[in-house]
Amino acid sequence: MKQNIAVLGSTGSIGRQTLDVARELGLSVRALAANRDIIKLESQIREFHPAIAAVFDADAARSLKIAVSDTGTRIVSGMEGLIEAACEESAEVLLNAVVGMVGLQPTLHAIEAKKQIALANKETLVAGGALVKKALRKNGVALYPVDSEHSAIFQCLEGCHDRADLKRIILTASGGPFFGRTREELCNMKAADALRHPTWNMGHKITIDSATLMNKGLEVMEAGWLFDLPEERIGVVVHRESIIHSMIEYKDNAVIAQLGTPDMRIPIQYALTYPRRYPSKAAPLDLASIGKMTFFEIDPETFLCYKACREAMRRGGLYPAAVNGANEAAVALFLQDRISFNQIGDLVYETVSSDYSGDVTLENILAADRNARDFVESRV
């Protein structure tokens, strides 16, 4: 087990649970990073004593620097600071739990610095999967999934002796707060409605993505890179109880599933301790108390974000980066009450109809992301 870790997004839900795991296992936290929540970050600095802490917001970083001047932690800011934290020399593992495209460049730099990657930032692979896979091969670095669904697939595949026997993978989805609603019924939904997730306690952006099912679309694209599978071999089923975290299906139609209580500390810990397993504070699974498990199909015409993601994956190239950028912009507008809930899906799906051809380079990925955001803003 690697002992020294860096945590990007340490004040968010995944970041805080990662620190729970670090506390329980006695891991040394050598770097922390957050967007602008310096109150939580200061508390984390005083508990874990990292060598470096990054704050993306420059003004907040200046305030934090004054607040923790009595500690030995160096404070940095902006994208450069995020990259510096990701590449902290004394850290062996980077757990990247930031939200959005901001996570791509720190991941690439950490790989070049030979850090093992525990990835909770979907956008890294959605937008830059080709670059990340190339960098992993070049540097001989391992990447382990943190998302519960991808961790489940990863664990199920450990018993797959011949990948030629694998027929497809099946991701599960909670269905979000609007499961079973029609498009017409979603017209007047506000942010407060969309933020009532039935299972997970997450940040605003990810919770809205779960309501639109964009999150599941991103996970389909991420799974393609993680497990080297085309779009048509990645299924999704709505499973409201969130007990089965995902499944694999063999060519003889046998299905293997990974089950557990819905507690993110389980996949976080496994990504940090692989291939070993250690005791966890997560509650044990009691199937008798659950009683039953249900499964349903996704309605892609109601949840256009999901449909857009699958189309972007089929097109490949820069299209995944574009739909992700469009979604990030649209979600921000929705949270500001500037567009309706259904307009998120409309704008993201409309992005797929635009031209995003070109070579997959970091420069072109960032340009596609920027152009998609500008397109969304122009349509409001």
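Points to keep in mind about this one:
- Complete set of residues in region 363-373 that are touching a helix residue (DSSP H, G or I) at 6+ places or on another chain (Cβ under 8 Å) and open to solvent by 60 Å² or more (accessible area, probe 1.4 Å): Arg370, Asn371, Arg373
- The residues of region 200-230 that are closer than 18 Å to Ser151 by Cα and among the charged types (D, E, K, R), listed by number, are Lys216, Glu219, Glu222, Asp228.
- Residue tally, condition in a strand (DSSP E or B) and either without any contact (Cβ under 8 Å) to a residue 40 or more places away in the chain or open to solvent by 20 Å² or more (accessible area, probe 1.4 Å) (or both), over region 136-166: 2
- Within region 229-246, considering residues that are touching a residue at least 60 places away in the same chain (Cβ under 8 Å) and closer than 16 Å to Arg163 by Cβ, the one most open to solvent (accessible area, probe 1.4 Å): Arg233
- Meets criteria (in a helix (DSSP H, G or I), farther than 26 Å from Asp263 by Cβ and in contact with a Pro (Cβ under 7 Å, 6 or more places away or on another chain)) for Leu82: yes
- Summed over region 50-79, residues that are assigned to a loop (DSSP other than H, G, I, E, B) and open to solvent by 20 Å² or more (accessible area, probe 1.4 Å) total 7.
- Number of positions in region 247-279 that are over 27 Å from His161 (Cα atoms), touching a residue at least 60 places away in the same chain (Cβ under 8 Å) and part of a loop (DSSP other than H, G, I, E, B): 2
- If you check Leu157, Leu166, Leu143 for being modelled with pLDDT of 95 or more and within 22 Å of Asp263 (Cβ to Cβ), only one passes: Leu157.
- Of all residues in region 292-330 being hydrophobic (A, V, I, L, M, F, W, C) and within 12 Å of Leu213 (Cα to Cα), the one that is surrounded by the fewest Cβ atoms within 10 Å (Cβ to Cβ): Ile298
The values are calculated or read from the model by the stated rules, or taken from the named source; none is laboratory data. These numbers come from a predicted model, not from an experiment. Neighbour counts are summed over all protein chains in view; Cβ atoms, including those assigned to glycine, are modelled from backbone coordinates with ideal geometry. Ligands, DNA and RNA are stripped out before the accessible areas are found, and what is left, the full protein with its side chains, is counted by its heavy atoms. Shrake-Rupley method; radii C 1.70, N 1.55, O 1.52, S 1.80 Å.
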